[in-house]
Amino acid sequence: MAEKLHIVGGGMAGSEAAWQAAHMGVQVVIHEMRPNVGTFAHQTGLLGEMVCSNSFRSDDSEQNAVGLLHWEMRQANGLIMQTADKHRLPAGGALAVDRDPFAQSVTDALIAHPNISVEYGEITALPEDGQWIIATGPLTSSALGAAIAEETGAEALAFFDAIAPIVYFDSINMEKAWMQSRYDKGETQEERTAYLNCPMNKAQYEVFIDALLAADKTEFHEGETAGYFDGCLPIEVMAERGRETLRHGPMKPVGLTNPHQPDVKPYAVVQLRRDNKLGTLYNIVGFQTKMKYGAQADVFKSIPGLEEARFARLGGIHRNTFLNAPTLLTADLRLKSRPNIRFAGQITGVEGYVESAAMGLLAGRAAAAELLNSPLDMPPNTTAMGALITHITGGAEAKTFQPMNVNFGLFPPVEGLRGGRRGRKDRYKAYTDRAKADWLSWLAPQAVAA
């Protein structure tokens with residue numbers, strides 16, 4: 001077979017797409033503009049670089065939709081999940097990874113594969129022929145973004161995404177902070193102490209909120225709008241929605257006991273999660289921000305335990321672009337106006353590392369199957385991947401479409417199960433049992449070798 005599959009972008013989706021197609025016997029070329037052309041958020045030229053959190057979120061495949069997505073990707077020989085498992089860090093019930101070794105391992109695996117080559121340079125226009133996957137992610141270059149907008153006849157939708165700061169562990173005052181996962185979750189002592197907690201009393205919380213609201217923020221350019229994705233709101237935007245919003249969100253104090261003052265329940269708690277294997281870096285959980293750098297240092301140092309904090313990275317905000325997928329894409333992620341081009345990853349309107357990689361997995365398999373003259377149906381919507389791709393390519397309302405994380409609300413109901421909170425555990429288990437059986441049935445005829 002002479003024709004190659006070209007993939008633009010070497011992030012989560014592009015890396016997974018390349019891996020899947022290559023294992024099906026297709027020759028793949030990854031086109032990556034970094035490090036020749038940088039972005040606001042990337043620090044390296046590595047493939048699979050994590051630019052925001054280092055967490056893949058819950059790894060519970062029985063009670064959580066993203067954990068189910070992890071399971072499906074592992075069953076499908078997913079590179080991203082294989083590599084995450086090799087570099088996982090203690091994070092309670094979540095799957096967090098050591099970000100730099102993770103990206104290096106993804107890069108090494110792809111470069112070492114005999115069916116994969118990498119070409120470094122920017123693709124600035126939509127290709128006229130050949131089989132292509134555009135997996136350029138939320139930071140698609142301005143030239144390619146303009147080409148996509150011109151082709152689709154409408155401007156790409158845009159929202160703003162914020163990244164959280166990272167703190168050096170040795171600068172944290174452990175006489176005030178302590179190590180504990182919420183509700184002591186985890187099977188090992190290391191997992192049960194995976195998070196670092198900084199407590200606040202009511203007065204400290206009020207001072208913190210006042211500082212957040214008063215801090216200098218990043219200004220938007222003329223014509224830009226702050227259409228944030230609700231799953232990744234800057235903390236100051238949450239504070240603007242109500243003074244108690246943060247205390248019921250990333251700063252909720254439930255499931256935690258301060259060993260320094262066991263009889264005093266914190267009014268709010270700031271959590272930090274280990275960001276590397278050495279344990280020298282911790283990121284502030286849920287603290288995405290658009291505050292200017294000087295303001296960030298002042299505000300975050302008002303948190304008990306972080307008075308002398310040193311930051312390996314401060315937070316930031318950048319523009320993310322995504323397609324109105326229900327309008328523009330087919331059920332197998334093709335651009336309707338140019339069927340030789342598929343899209344994958346966050347640009348399709350999914351949100352999160354795992355969701356992006358999952359769309360890459362499906363796009364890579366679908367494109368490879370076409371090149372092998374063996375067309376592939378997408379998985380049923382009873383599976384996590386099927387539910388997600390069904391939503392973005394037609395299940396969502398096009399007029400109000402915004403980025404979506406995988407969740408059980410996207411799954412068709414299981415008949416005979418009670419609704420409401422009391423029936424949730426049994427309902428979620430029924431969803432995941434059905435999904436696993438249907439996913440294995442979908443995978444079986446493909447028999448992609450590991």
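Summary of values
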| item | result |
| --- | --- |
| Helices (runs of 4 or more DSSP H) completely within segment 114-226 that count 3 or more residues being under 26 Å from the mean Cα position of the chain (by Cα) | 142-152, 189-192 |
| Of the criteria (1) over 19 Å from Gln20 (Cβ atoms); (2) modelled with pLDDT of 85 or more; (3) in a loop (DSSP other than H, G, I, E, B), which one Gln446 fails | (1) |
| Spans of helices (runs of 4 or more DSSP H) in segment 31-112 with at least 3 residues within 22 Å of Leu139 (Cα to Cα) and open to solvent by less than 10 Å² (accessible area, probe 1.4 Å) | 99-112 |
| Whichever residue in segment 351-369 is under 9 Å from the mean Cα position of the chain (by Cα) and either among the hydrophobic types (A, V, I, L, M, F, W, C) or on the phi < 0 side of the Ramachandran plot (or both) and, among such residues, is surrounded by the fewest Cβ atoms within 10 Å (Cβ to Cβ) | Glu351 |
| Selection within segment 271-291 - of a type in the set (A, V, I, L, M, F, W, C) and modelled with pLDDT of 85 or more | Leu272, Leu281, Ile284, Val285, Phe287, Met291 |
| Segment 355-380: number of residues that are at pLDDT below 95 and either under 19 Å from Gly409 (Cα atoms) or among the small types (Gly, Ala, Ser) (or both) | 1 |
| Residue in segment 382-398 that is of a type in the set (A, V, I, L, M), surrounded by 21 or more Cβ atoms within 10 Å (Cβ to Cβ), modelled with pLDDT of 90 or more and not in a helix (DSSP H, G or I) present | no |
| From the options Val37, Val28, residue that is β-branched (Val, Ile, Thr), modelled with pLDDT of 95 or more, over 17 Å from the mean Cα position of the chain (by Cα) and over 18 Å from Glu72 (Cα atoms) | Val28 |
| Subset of segment 29-86 [in contact with an Asp or Glu (Cβ under 6 Å, 6 or more places away or on another chain), under 17 Å from Ser105 (Cβ atoms) and aliphatic (A, V, I, L, M)] | Leu79, Ile80 |
| Only one of Val254, Val270, Val237 that is under 18 Å from Leu212 (Cβ atoms) and not in a helix (DSSP H, G or I) | Val270 |
| Qualifying positions in segment 242-258 - in contact (Cβ under 8 Å) with a residue 24 or more places away in the chain and open to solvent by less than 80 Å² (accessible area, probe 1.4 Å) | Leu246, Arg247, Gly249, Pro250, Met251, Pro253, Val254, Gly255, Leu256, Thr257, Asn258 |
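The values are calculated or read from the model by the stated rules, or taken from the named source; none is laboratory data. Not measured: the values here are computed from a predicted model. FYI the Cβ positions are ideal-geometry reconstructions off the backbone, even for glycines, and counts take in every protein chain you see. Accessible surface areas use protein heavy atoms only, side chains included; no ligands, DNA or RNA. Shrake-Rupley method; radii C 1.70, N 1.55, O 1.52, S 1.80 Å.
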